[in-house]
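Take a look at the structure below.
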Amino acid sequence: GTVLEQVCQARSQIDTTFYVGKGKLQELIKVIQNNDINLIVANDELNSRQIANIEAATGTKTVDRTTIILDIFARHAKTKEGKLQVELAQQKYRMSHLKGLGIVMSRTGGGIGTRGPGEKKLETDRRHIRKQLEELEARIERINKSNQLNAVQREKNKVKTVGLIGYTNSGKSTLFNRLTQSEVVTKDGLFITLDSTLRKVDPEHGDYLVSDTVGFIDKLPHDLIKAFKTTLMEVETADLLLHVVDVSNHNYEAQITVVNQVLADIGAGNKKVMMIYNKIDKLTPEDRDALVLKNQQAIDELTLYISAKEGLGVDTLFETVDRVLIGEKRQIKLLIPYDDNKALALLHEMKVVQEIDYQAEGNLVTIEMTDDFPIHLFEKYQVTEV
């Protein structure tokens with residue numbers, strides 16, 4: 001559909017009956033009468049009574065922000081997990097709106113001390129939705145436990161994971177494709193990526209997994225966040241988060257705030273985050289310089305400027321992620337006796353051997369190690385640091 005008109009109102013308090021004040025409601029009615037409008041969309045969450053009252057006053061179907069978001073989510077859910085999570089959020093929304101329909105439904109009949117057919121239907125609907133909620137939550141919990149086991153296994157095998165986060169349409173999927181050499185769907189639009197996608201990074205650039213998750217948005221419904229806990233678990237368990245920002249959007253700073261708030265809401269506010277300012281190809285050289293100058297206090301190894309689409313700065317990103325995940329590499333020499341074949345075999349298995357010099361006392365092995373190298377296993381053989 002096409003947006004024909006916008007009606008805004010600044011109020012200190014939301015009107016409990018119509019959401020907007022009576023004067024603004026009359027203005028809305030005139031706008032509808034003067035235009036071919038068949039749908040009202042409120043950029044906020046309305047309760048069931050407000051929706052019913054607006055529809056009665058205007059004669060026009062009314063939906064709220066949450067309904068639109070849920071509809072977009074439903075269109076883009078592809079996996080079983082994604083579809084279950086969307087359905088859970090939809091049913092929670094319906095349940096919350098049934099709670100406000102008691103007064104409206106009771107008007108359909110019933111005497112003093114009795115319940116009318118409207119109220120009886122309402123109670124039947126509630127029971128039906130409660131049952132569906134229980135079934136959906138049980139199925140999602142089974143998936144969640146399976147995902148948790150996978151995360152534990154990855155940690156046990158010392159497999160690092162990098163999670164991509166960002167406001168919706170910030171270019172996460174394009175960057176994901178760059179990092180993993182895969183072909184996840186990329187196009188403009190809200191919530192194109194809904195199901196969490198996990199792939200290995202391009203082997204030439206590292207040995208870790210990358211996850212692309214649902215994009216965040218302002219005023220993301222709380223029930224939606226809870227429903228998508230299995231998808232968002234990839235964010236919670238990641239060793240490093242890449243916060244992808246669309247710097248060509250003039251509201252990018254507000255979008256950063258929204259993403260940080262969602263991270264806090266899901267309990268991931270203390271994760272290690274690398275800021276990735278994306279789409280710099282859309283900026284003029286002057287705007288790029290101004291952006292860097294604006295963020296100069298934050299410029300360190302966790303702040304990078306790239307264009308995922310054009311590949312600008314991606315090599316630096318690979319190098320930086322690798323350094324952050326495994327630490328700085330350094331070389332040491334180990335003198336391993338000829339009779340300790342197990343120690344030498346273990347070093348080869350770890351793929352850290354750089355050079356072997358055969359000495360009278362044993363093998364003088366030069367290895368390249370990082371912070372997670374189990375040096376305690378070889379301390380007795382250490383000769384010096386190169």
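The values are calculated or read from the model by the stated rules, or taken from the named source; none is laboratory data. Just so we're clear, the structure is a prediction, and the values are computed from it rather than from any experiment. FYI the Cβ positions are ideal-geometry reconstructions off the backbone, even for glycines, and counts take in every protein chain you see.
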Any chance region 349-369 includes a residue that's farther than 30 Å from residue 171 by Cβ, in contact (Cβ under 8 Å) with a residue 40 or more places away in the chain, surrounded by 13 or more Cβ atoms within 10 Å (Cβ to Cβ) and in contact with a helix residue (DSSP H, G or I) (Cβ under 9 Å, 6 or more places away or on another chain)?
-> yes
Could you list all residues from region 370-386 that are free of Cβ contacts under 8 Å to residues at least 24 places away in the same chain and either touching a Phe, Trp or Tyr at 6+ places or on another chain (Cβ under 9 Å) or under 20 Å from residue 207 (Cα atoms) (or both)?
-> 373, 374
Matching residues in region 259-282 (part of a helix (DSSP H, G or I) and in contact with a Phe, Trp or Tyr (Cβ under 6 Å, 6 or more places away or on another chain)) number 3
Residue among 377, 334 that alone is modelled with pLDDT of 90 or more and either surrounded by 11 or more Cβ atoms within 10 Å (Cβ to Cβ) or among the β-branched types (Val, Ile, Thr) (or both) = 334
Can you name every residue in region 53-73 that is under 23 Å from the mean Cα position of the chain (by Cα) and surrounded by 14 or more Cβ atoms within 10 Å (Cβ to Cβ)?
-> 64, 65, 66, 67, 68, 69, 70, 72, 73
Residues in region 233-250 that are within 10 Å of residue 211 (Cα to Cα) and not in a strand (DSSP E or B): how many?
-> 3
Among (1) under 28 Å from residue 136 (Cα atoms); (2) out of contact with any Ser or Thr (no Cβ under 7 Å at 6 or more places or on another chain); (3) of a type in the set (Val, Ile, Thr), where does residue 51 come up short?
-> (2)
So the helices (runs of 4 or more DSSP H) completely within region 283-365 holding 3 or more residues that are aliphatic (A, V, I, L, M) and within 20 Å of residue 379 (Cβ to Cβ) are 341-349
Name the residue, out of 276, 280, that is in contact (Cβ under 8 Å) with a residue 60 or more places away in the chain and not basic (Lys, Arg).
-> 276
Note on region 86-102: residues in contact with a helix residue (DSSP H, G or I) (Cβ under 7 Å, 6 or more places away or on another chain) and modelled with pLDDT under 80 are 98, 100, 101, 102
Quick one: how many residues across region 187-207 are outside any loop (DSSP other than H, G, I, E, B), touching a Ser or Thr at 6+ places or on another chain (Cβ under 7 Å) and either at pLDDT below 60 or of a type outside the set (Lys, Arg) (or both)?
-> 2
Do we find that residue 60 is assigned to a loop (DSSP other than H, G, I, E, B) and at pLDDT 70 or above in this structure?
-> yes
